[in-house]
Amino acid sequence: MTPRNSFVVDSSSDDTHDADIDALVSEVKTKHEIAGRNAGQQKGKLAGSLSVRDDLGAISFSLSYDDEESQLTLDLKQCSGLKAMDRSGYSDPFIIVQLIISGKCVSEKRTPTIKRTLDPIFNERIKYPAISELELRDALLRLQVLDYDRVTKHDFIGEVSMGLKNISPNSVECFNLRLQQKNQELSRVDRSAADAAPNGKILISLTYHSVEEVLVVKILRAAGLPPKDTNGLADPYVKCYLHPDPKKSTKQKTKIVKECLDPEFEEEFRYPVSRGDLRSRTLAITVWDYDWNSANDFIGSVYLGETETGTGHKQFLDCLNLPNIPHTVWHTLGVERRTF
C-alpha cells in the first residue's frame with residue numbers, strides 16, 4: 001500500500017527515476033518550507049529530539065553570580081530555529097525575562113524586538129544587583145520568547161525556566177536550551193513585587209566630608225527602568241539639584257546611556273555646603289529618557305533630606321551623623337515631580 005503524499009518510482013528507467021526524485025524533493029520543499037524554517041539548524045548540544053511540529057526553537061544564554069557584589073548577570077545571546085508566526089514565514093521576536101524568588105516575580109524585563117527573523121541575535125546583558133546567595137538558592141529564571149504584533153496581542157512562541165540554586169559563584173555558565181510550551185503555573189505567579197517598582201530603582205552613594213565641608217553625591221547605576229522608546233528600551237540620564245536653588249546653580253547631569261534599562265553611570269557630583277546649611281536642604285534626583293526630536297520623558301524621582309521619609313530620610317541622616325564615610329542605598333523611583 002502506497003503511503004499518502006508519496007510517489008511510486010518506476011525503477012525501469014534511470015531518467016524517470018531521477019525526474020521523479022526531483023519532483024518529490026521539490027514538492028516536499030514547497031509544502032514544508034515554513035515547517036523547515038521552524039525546525040532550524042540547532043546550534044550546540046540540545047538535549048533530546050523533537051519532531052518538526054513540536055520544535056519551537058532554542059535559546060542561548062549565560063549566567064554568572066558575583067558573590068562579593070551580590071550581583072547576578074544574565075547575558076542573552078540568541079535564539080535559533082524559532083517558530084514562524086507571521087504570513088511572511090518569519091517572526092518579530094523579543095524576550096520577556098522574569099526573575100522569581102520565593103514564588104514572587106521580583107523583576108520583569110524585556111529585550112528589544114528583532115524584526116523578520118527566526119534566528120535573532122540579542123546580545124543583551126541584564127544585571128540583578130543586591131541578590132543574596134540565600135535568595136539565589138530560591139530563585140527561578142523564566143525566559144519567554146514572543147512574536148511582536150503592533151495591533152493585536154503578541155504571539156507566544158516558547159519559553160524556558162530554570163532554578164538557580166546550582167549556579168557556581170564567580171564563574172560563567174553557558175546554556176543552550178530548547179523552548180517549551182507555556183508553563184501555566186508560572187503564568188499565575190505573584191507579580192506584585194515586580195509591580196511595586198514600575199519606574200525602576202537607582203543606586204546612590206552619599207558622603208559628607210566634614211573638613212572640606214563638601215557633600216559628594218555618586219550616581220552609581222539604575223535598574224529595571226521602564227521602556228520609553230518604540231524599540232522597548234530607553235536612553236536614560238540623571239539630573240541632580242540641591243534645593244532650595246532659585247538660580248538652578250546646583251544643577252548637575254550625568255551622561256546619557258543609550259538603549260539601556262539598567263544603566264551604569266558611576267558619576268560623582270560635589271556640593272560645597274556647611275553641615276548646618278545642609279540640614280535644611282533637599283537633594284532632588286530625577287531620571288529622564290533622552291529624545292533628540294521631542295521633549296525628554298520623565299522616568300522617576302527620589303528626594304533625600306531631613307524632612308523626607310523612607311530611604312531618602314535615612315540615608316540623608318546617616319550621611320550627616322556619620323560623616324567621612326560613604327553611605328550607599330538603593331532607592332525606588334517615584335512619580336512625584338516637585339516644584340521648589
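The values are calculated or read from the model by the stated rules, or taken from the named source; none is laboratory data. Everything quoted here is computed from the prediction, not taken from an experiment. Heads up, the Cβs are rebuilt from the backbone with ideal geometry, glycines too, and the neighbour counts pull from every protein chain shown. These accessible areas exclude ligands, DNA and RNA; they are computed on the full protein's heavy atoms, side chains included. Shrake-Rupley method; radii C 1.70, N 1.55, O 1.52, S 1.80 Å.
Among the residues of the stretch 314-329, count how many are open to solvent by 60 Å² or more (accessible area, probe 1.4 Å) and within 28 Å of S107 (Cβ to Cβ).
Step one: filter the stretch 314-329 for residues open to solvent by 60 Å² or more (accessible area, probe 1.4 Å), giving 314, 321-322, 324-326, 328.
Imposing the further condition that a residue be within 28 Å of S107 (Cβ to Cβ) reduces the set to 314, 326, 328.
Number of matching residues: 3.
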* To do: Could you tell me which numbered condition I204 fails, if it satisfies all but one of (1) buried (at least 20 other Cβ atoms within 10 Å of the Cβ); (2) within 25 Å of A139 (Cα to Cα)?
  => (2)
* To do: Give just the number: which of (1) farther than 22 Å from L63 by Cα; (2) touching a residue at least 40 places away in the same chain (Cβ under 8 Å); (3) open to solvent by 10 Å² or more (accessible area, probe 1.4 Å); (4) in a strand (DSSP E or B) does F156 not satisfy?
  => (2)
* Can you spot a residue in the stretch 133-146 that is more than 28 Å from E264 (Cα to Cα) and surrounded by 16 or more Cβ atoms within 10 Å (Cβ to Cβ)? -> no
* Restricting attention to strands (runs of 3 or more DSSP E) lying wholly within the stretch 210-295, give those where 1 or more residues are loosely packed, with under 14 Cβ neighbours inside 10 Å, touching a residue at least 12 places away in the same chain (Cβ under 8 Å) and at positive phi. => 264-272
* Within the stretch 91-106, track down each residue that is surrounded by fewer than 19 Cβ atoms within 10 Å (Cβ to Cβ) and in contact with a strand residue (DSSP E or B) (Cβ under 8 Å, 6 or more places away or on another chain). => I96, G103, K104
* Asked: Taking I299, is it in contact (Cβ under 8 Å) with a residue 60 or more places away in the chain, in contact with a strand residue (DSSP E or B) (Cβ under 7 Å, 6 or more places away or on another chain) and exposed (fewer than 13 other Cβ atoms within 10 Å of the Cβ)?
  -> no
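Output the residues belonging to the stretch 302-313 that are outside any strand (DSSP E or B) and crowded, with 17+ Cβ neighbours inside 10 Å.
E308, G312 - these are the residues of the stretch 302-313 that are outside any strand (DSSP E or B) and crowded, with 17+ Cβ neighbours inside 10 Å.
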* Among (1) in contact with a helix residue (DSSP H, G or I) (Cβ under 6 Å, 6 or more places away or on another chain); (2) among the aromatic types (F, W, Y); (3) under 28 Å from V97 (Cα atoms), the one test that Y303 misses -> (3)
* Asked: Just wondering, is there one or more residues in the stretch 176-189 that are over 22 Å from D92 (Cα atoms), in contact (Cβ under 8 Å) with a residue 12 or more places away in the chain and either of a type in the set (D, E, K, R) or open to solvent by 50 Å² or more (accessible area, probe 1.4 Å) (or both)?
  -> no
* To do: Identify, from the list K127, K109, the residue that is under 18 Å from C174 (Cα atoms) and assigned to a strand (DSSP E or B).
  => K127
